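Taking it in order: structure first as structure tokens, then the write-up.
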Amino acid sequence: MILFKTGEATVLAADGQFTDAMPEILIGDVHGPVGTAFASMMGQTAGHTRMFAIRACNQMVRPPTLMVPKVTMKSAAYVNLFGGVVQSATADAVLDCVIDHDIPRDQANNLCIISLIWIDPQCVTDPNLDQKDLYRTNYQATRLAIRRAMNDEPTLEELIANRKKIRHDLFDPDA
């Protein structure tokens with residue numbers, strides 16, 4: 001039984017785009033703590049519309065995946081990106097993880113995934129937004145985050161080895 005697995009990944013945008021993707025993934029059995037969290041998050045809150053990852057109408061992926069925005073959605077345009085391009089990328093990534101055995105196929109109906117998703121608010125107002133790049137970054141990052149979750153990556157050994165070598169991308173305490 002897969003009780004509680006976490007993973008994250010960042011895939012950077014093409015030059016000139018605001019399409020960086022950085023999902024945070026929680027995977028676990030529907031009868032465990034992840035399943036409880038999944039069911040508890042089904043309600044909606046203002047500005048934080050949650051939705052299932054679907055490939056198309058009537059094609060919800062397995063394991064069921066709940067997409068949760070990290071940023072308050074303030075416009076229909078933002079909701080459309082979240083429930084269009086990013087929903088498609090997320091759903092395709094989940095299904096491909098099952099196809100490629102990153103997620104055990106025999107457990108796909110017993111697992112659920114919560115995916116915390118960030119879309120840069122600048123995407124909504126960018127007249128040159130490349131939706132294919134938004135799809136690419138979210139697809140690749142979701143695949144990588146799931147793979148890392150299922151493989152317990154990064155390992156504790158890697159984290160310890162990099163403790164003094166790697167700094168947060170947005171904060172350098174020595175600067």
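Since every read-out is calculated from the coordinates, none of them should be taken as a lab result. All values derive from a computational prediction rather than experimental measurement. Neighbour counts are summed over all protein chains in view; Cβ atoms, including those assigned to glycine, are modelled from backbone coordinates with ideal geometry.
Normalised by residue number, the volume inside the convex hull of the Cα atoms of region 79-134 is 88 Å³ per residue. Report the Cα centroid-to-centroid distance between region 131-175 and region 4-27 in angstrom, as an integer. Region 131-175 and region 4-27 have Cα centres spaced 8 Å from each other. Over the chain, the reciprocal of the mean inverse Cα-Cα separation, the Kirkwood hydrodynamic radius, stands at 16.8 Å.
From least to most packed, judged by other beta carbons within 10 angstrom and beginning with the fewest, 4, 18 follow the order 4, 18.
Apply the a/c threshold of 1.5 to the C-alpha gyration tensor of region 110-172 and tell me whether it is rounded, prolate or oblate. Here region 110-172 falls in the oblate category. Subtracting the Cα-Cα distance of residue 56 and residue 155 from 0.36 nm times their residue separation leaves 32.1 nm of extension gain.
Sparse packing (at most 15 other Cβ atoms within 10 Å of the Cβ) combined with a DSSP loop state is found for the following chymotrypsin sites (Phe, Trp or Tyr not before Pro) in region 105-175: 171.
A cut-off of 5 Å between modelled amide H atoms, ignoring neighbours fewer than 5 places along the same chain, links residue 2 with 29. What net charge do the residues around residue 13 carry, taking every other residue with its C-beta under 10 Å from that of residue 13, with Lys and Arg at +1 and Asp and Glu at -1? It works out to a net charge of -4.
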